[in-house]
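Here's the structure we're looking at; comments come further down.
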Amino acid sequence: MILIQDNSSICNGIINSLNTIYDIYEKNNNQNIYIYKNIINNKQVINELEDLNIHIIDDLDILTNNDILIINSYGVSKEVLNYLKDNNIQYVDTQCKNIKNFYEEIINTSLDTEILILDNKYSNIISNWCSGKIIKDLNDLNHLDKKKDKLLVGYAYFNNELVKELVDSLTNSYPNSKIDVLIYNCPYHKKRQELINENKLITKIMISEEEENIKNSYTNYNDFINYVLNSNLKIDEDITLIGSENTTIKELYNYKYLLSFLLFYKKIKTELVLNQEEFNNNFKKDNNELMQLVLNDLDRLNKDGKYIRGVLIALGEYFAKDKIEEYQNLAYIYELFQTSILIHDDIIDNAKLRRGKATIPHQICNNYLNNQNNKEYHLDTLKLANSLGICAGDYGFYLVNKLLINYYSKHSNFINILSIYNDIVLKTIKGEIIDVYLPYLNKYQYKESSEEDILTIYELKTSYYTVIGPFLLGYLLANKTISSNIETILKNIGIIFQIKDDIIGIYGNEIDIGKSISLDIEEFKQTLIYSYIIKTEYKEEFLKLYGSKLTVNNLNKIKYLLNVSGTLTFINNYLEDLTNDTINLISDLDLVEEKKDILKGLLIYVGSRER
C-alpha cells in the first residue's frame, strides 16, 4: 500500500504564503512583485511563479517604491526590515502567526537573560534576531555567564532527551540562574513526525533535513525513478511518502502515481528479464551455420530493452480482469516484434547503436570491413550488412506470427489477438512510410509538413505501436476490448512519449539512452519541434543546420536556436497542457483508484524520462 501524508501534515505557513502571493498577483498585476530570498524552496512552484514574472531576489537595491516585496519576517534580519521601512518599499509579511509570536517572545527577552539556541537548520535564523549561543551538546554549556538567567530556545526539530539533559546540567552548573525553556514545534512538524514514527518504510521526497527512519530524499522524478527501479521496494510493501514544508500536495500525489506504476513496472520487468534467455533459446538455434550467425544477432538485440511494451500487455490484462496470468509469452512475442521492426528502422536511419549495442549492419561492418583498399569490397560489405539486417527483421516478423499460433491458437480470443497484432504492424509501417516520405517532400519543397501530418506519425508509430496496441492485446487476453475513453488516454500518453523522444534525441546522452543521438536532425525528421521553429524568424538559420551531418558545435547552435526562438518553451508547455488534460481524463474514468493511480503514473513516467 502506498500511503501519503494528509493535508494536516502540510505546512500551513507555506500554504498561506503561496495564497498571499497569488492573491497579490491577481490584485496588483500592474506592479512588479518580488519574493525575498528562500520563502519557497520548491523548484516546481518557483518555476510557476517565474512564469507569472514573480521573481525571487537577494538584492534589495533593485526595488522601487512601485514594487511589492513578499517576505517572511523571521527569515530576514532587522537591518533588512529597517531598509524597507527607510526606503518606503511596500512589503507583505507572510509569516505564520504562531512562529511570529514565538520569535517576538525571543526578541523581547530581558537583556539580563542569556539565550541558548538548540542547533538545527533553523538556529542561524534565530541568531539573526538575537544574540545567542548555538548549543550542540553538553560541552557547549561551559563558560556561560554565571550572573545571567538562561533561556533555552528550540524550533521545529529537537531531541527531547537532549533538552532534558541540557536543562539538568544548566540547573546544576548555574544554581543562581533562572532556567527557562522556549520550544516551538508547529503542528506540521508534529504531524509529519507522527507519520514517520508510525510507518516502517518511508520514501522521503523533497526533505532537506536529516531525520531518523527516513529512507531517501529526491527532488526530481528522474532521480526518484532510478531509485525505485534499483531499490528493493516491492509492490506489496507499505510505503509512505513524506514531503518537506515546501512540498505541495499535488507533487506528493504525482509521486504516489509514479510509484504505483514503477512498482508494477519493476515487478513485470523483473519477471520478463528472468525468462528472456529461455524464450530466445527457443528460436535462435539452426543447423545452418550462416543462419545461426543471423539468429545470434537477433538474440543479441532481443534483450536488455526497457520492456515497456511487454509491461503494458500485463497492465492491459490486469485492468481487464484484475489478474495477470497469461501475459508473459505474448509480451515476449511483442518484444520480438519490436526488435524486428527496430532492425529495419536502424537500416532506414543508418543508426549504429540500439540498446547500447551495435546494430546488425554496424556489427557486420565491424566484423568484415578491414583495411583493404578495395572499393568493390567496401560496397559489397555495406550491401551485405543492410541485406542481412533486412532479412533478420523479416525473419523476426514471421517468427512472431508462428509463435502467436504456437502459444495462443487454443485461446478463445485467438482470432482477435492475431487480427489486432497485424493491425498494429500495419499501422506502425504506415506511420514509418509517412515518417520517411515527409522529410524528402519537405526538404525539396514538394510538400510542407503540417502539424496534423506530424501528429499522425506520432499516433501511428508511437501511440498505437508503443502504448495502445500492447494495452489492447492485454485486454484481449481477457476477451475484452478497451473503452474509447481509455484509448484516448493511451493515445495522449503515446504522443507525450514521442515528444519526449524528440527532445531526448537532441538533448540526450548517447551512452545513457543506448542509441545514436541527433539522427532526427540529420535525417531531417518532421517533428513538432521542427514544425514550430520554422514558423519563427530563426527559420533560415535553423535550416542551414537541420538535415546536415552534425558536429558538436552545430548541435549546440541548434540547441541555442530552439531556446532563443521559444521552441523549447512551446514544446514544454504543449507537454504540460496535454499531461494535465490527460490526468483529468484518467480521474473521470470509472475505475478503482489503484488502477487510475497506475495509469497516471505511466503518464508521468513517459513524460519525465531522460532515456
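Read-outs throughout are calculated quantities, based only on the coordinates presented, and are distinct from any laboratory measurement. Small disclaimer: the values here were computed from a predicted structure and weren't measured. Positions of Cβ are generated from backbone atoms using ideal geometry, with glycine treated the same way; all protein chains shown enter the neighbour counts.
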task = Would you mind calculating the gained length between Asn159 and Asn124 on full extension (0.36 nm times residue separation, minus the Cα-Cα distance), in nm to one decimal?
result = 10.8 nm
ask   = Mind listing P(r) for region 9-96? All alpha-carbon pairs, 5 Å bins, whole percents.
value = 3, 14, 28, 27, 19, 8, 2, 0
ask   = Which whole-number percent gives the relative contact order of region 283-481, counting Cα pairs below 8 Å spaced six or more residues apart?
value = 30 percent
query = Once the Cα atoms of region 483-611 are picked out, what are the Rg and Dmax in Å?
reply = 16.8, 52
Principal-axis tilt of helix 484-507 within the chain, Cα atoms, nearest 10 degrees = 80 degrees
inquiry  = Full-extension gain between Tyr446 and Asn139, please, as 0.36 nm times their residue separation minus the C-alpha to C-alpha distance.
reply    = 102.3 nm
request  = Within the set of other residues whose C-beta is less than 13 Å from the C-beta of Asp59, count the net charge using Lys and Arg as +1 and Asp and Glu as -1.
outcome  = -2
query = Modelled label-to-label distance, Tyr22 and Glu289, 7 Å Cα→beta-carbon offset: nm?
reply = 7.3 nm
query = Taking amide hydrogens as modeled 1.01 Å from N in the peptide plane, which residues meet the under 5 Å criterion relative to Gln95, leaving out close sequence neighbours?
reply = Ser73
task = Could you tally the net charge around Tyr257, taking each other residue with its Cβ under 12 Å from the Cβ of Tyr257, Lys/Arg +1 and Asp/Glu -1?
result = +1
query = Using the Cβ atoms and a cut-off under 14 Å, what net charge is assigned to the surroundings of Lys600, where Lys and Arg are +1 and Asp and Glu are -1?
reply = -2
key: Gain on full stretching of the segment that runs from Asp322 to Asn32 - 0.36 nm per residue minus C-alpha separation   = 99.0 nm
query = Between their Cα atoms, which of Lys500/Lys549; Lys303/Lys402; Lys306/Lys596; Lys78/Lys191; Lys559/Lys595 are more than 29 Å away from each other?
reply = Lys78/Lys191; Lys559/Lys595
task = Among Thr359, Asn66, Ile493, pick out the residue whose Cα is farthest towards the positive end of the charge dipole of the chain, where Lys and Arg carry +1 and Asp and Glu carry -1 on C-beta, about the Cα centre.
result = Thr359
message = At a 10 Å Cβ-Cβ cut-off, how would you order Lys178, Lys133, fewest neighbours first?
response = Lys178, Lys133
query = If contacts are Cα pairs under 8 angstrom and at least 6 residues apart, what is the relative contact order of the chain in percent?
reply = 12 percent
For Tyr408, Tyr395, order by how many other beta-carbon atoms lie within 10 Å, fewest first = Tyr395, Tyr408
request  = May I have the convex hull volume per residue, in Å³, for the Cα set of region 101-185?
outcome  = 82 Å³
remark   = Under 5 Å from the placed amide H of Ile239, counting only residues 5+ away or on other chains, we find Ile2, Leu3
message = Give the lysines whose C-alpha is closer than 25 Å to that of Lys85, dropping any in the same chain fewer than 8 places away, or say none.
response = Lys27, Lys37, Lys97, Lys100
key: Karplus-derived HN-Hα couplings along region 553-567 (A = 6.51, B = -1.76, C = 1.60, θ = phi - 60°), whole Hz, x at Gly and Pro   = 5, 5, 5, 5, 5, 4, 4, 4, 5, 5, 6, 5, 7, x, 5
key: Dimensionless Rg ratio for the chain, taking C-alpha atoms and the 2.2 N^0.38 Å reference   = 1.22
